[in-house]
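Report on the following structure.
The values are calculated or read from the model by the stated rules, or taken from the named source; none is laboratory data. Because the structure is a prediction, the values reported are computed rather than measured. Cβ atoms come from the backbone with ideal geometry, glycine included; neighbour counts cover every protein chain shown.
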Amino acid sequence: MYHIPYNINLKAFSRKLRNHSTVGEILLWMQLRAGQLRGFTFNRQKPLGNYIVDFYCKPLKLVIEVDGGYHFTPEQRVRDQQRQQILESMNLHFLRFRDEEVRNDMNNVIKAIEHYIKAFEATDNY
């Protein structure tokens with residue numbers, strides 16, 4: 001399995017982000033924590049390379065991002081796209097959900113994640 005570098009300089013900021021999560025991030029974390037989703041363990045606010053992602057599951061090579069309002073500005077969209085491309089070049093896959101979507105439609109968010117897991121398990125990646 002490919003090793004993704006860990007930037008120790010992001011550790012304190014990652015901890016700060018965990019302590020100041022959005023409502024959507026908290027709600028999704030309640031569904032993902034402790035292997036509750038098909039037995040897979042997720043980390044939250046995980047430093048990967050020079051970035052911090054909302055949720056990460058190493059065995060699935062999966063990053064999940066919960067995008068709040070500021071992610072929809074033109075400048076932030078460009079930065080998010082560039083960041084995602086860099087992380088995808090490390091053989092990671094992304095699922096993105098709007099914070100509003102997580103808060104109001106958790107069932108479909110979980111279904112989308114489970115769909116990814118099933119497709120991943122059906123490949124030779126697993």
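Starting from residues that are among the small types (Gly, Ala, Ser) and surrounded by fewer than 13 Cβ atoms within 10 Å (Cβ to Cβ), keep the ones in segment 41-89 and report whichever is nearest to GLU114 (Cα to Cα). This residue is SER89.
Evaluation of ARG38 against the conditions (1) surrounded by fewer than 16 Cβ atoms within 10 Å (Cβ to Cβ); (2) closer than 23 Å to ILE4 by Cα shows that the sole unmet condition is (2). ASN104 satisfies every condition listed in (1) surrounded by fewer than 18 Cβ atoms within 10 Å (Cβ to Cβ); (2) more than 16 Å from ILE26 (Cα to Cα); (3) at pLDDT 95 or above except (2). Do the conditions hold for VAL109, that is, is it at pLDDT 95 or above, closer than 23 Å to THR123 by Cβ, part of a strand (DSSP E or B) and among the β-branched types (Val, Ile, Thr)? Answer is no for this residue. Six or more apart or on different chains, Cβ atoms under 8 Å: show the pairs whose first residue is in segment 1-15 and among the small types (Gly, Ala, Ser) and whose second is at pLDDT 70 or above. Pairs that qualify, where the first residue is among the small types (Gly, Ala, Ser) and the partner is at pLDDT 70 or above, are SER14/GLN45; SER14/LYS46; SER14/PRO47; SER14/ILE52. For beta carbons closer than 9 Å, sequence separation of 6+ or different chains, a first residue in segment 72-90 that is over 24 Å from LEU60 (Cα atoms) and a second that is in a helix (DSSP H, G or I), the qualifying pairs are GLN76/TYR70; ARG77/HIS71.
Conditions (1) modelled with pLDDT under 90; (2) among the polar types (S, T, N, Q), marked per residue:
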residue	(1), (2)
ASN19	yes, yes
THR22	yes, yes
TRP29	no, no
GLY39	no, no
LYS46	no, no
GLY49	yes, no
CYS57	no, no
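Residues considered: ALA12, ALA34. Of these, the only one that is modelled with pLDDT under 90 and farther than 26 Å from GLU121 by Cβ is ALA12.
Please indicate, with yes or no, whether at least one residue in segment 101-122 is among the basic types (Lys, Arg) and touching a Leu at 6+ places or on another chain (Cβ under 8 Å). Yes, that holds for at least one residue. Note on segment 90-101: among residues that are out of contact with any Gly (no Cβ under 7 Å at 6 or more places or on another chain) and part of a helix (DSSP H, G or I), the one that is surrounded by the most Cβ atoms within 10 Å (Cβ to Cβ) is GLU101. Among the residues of segment 21-30, those that are touching a residue at least 40 places away in the same chain (Cβ under 8 Å) and either outside any helix (DSSP H, G or I) or under 13 Å from the mean Cα position of the chain (by Cα) (or both) comprise THR22, GLY24, GLU25, LEU28.
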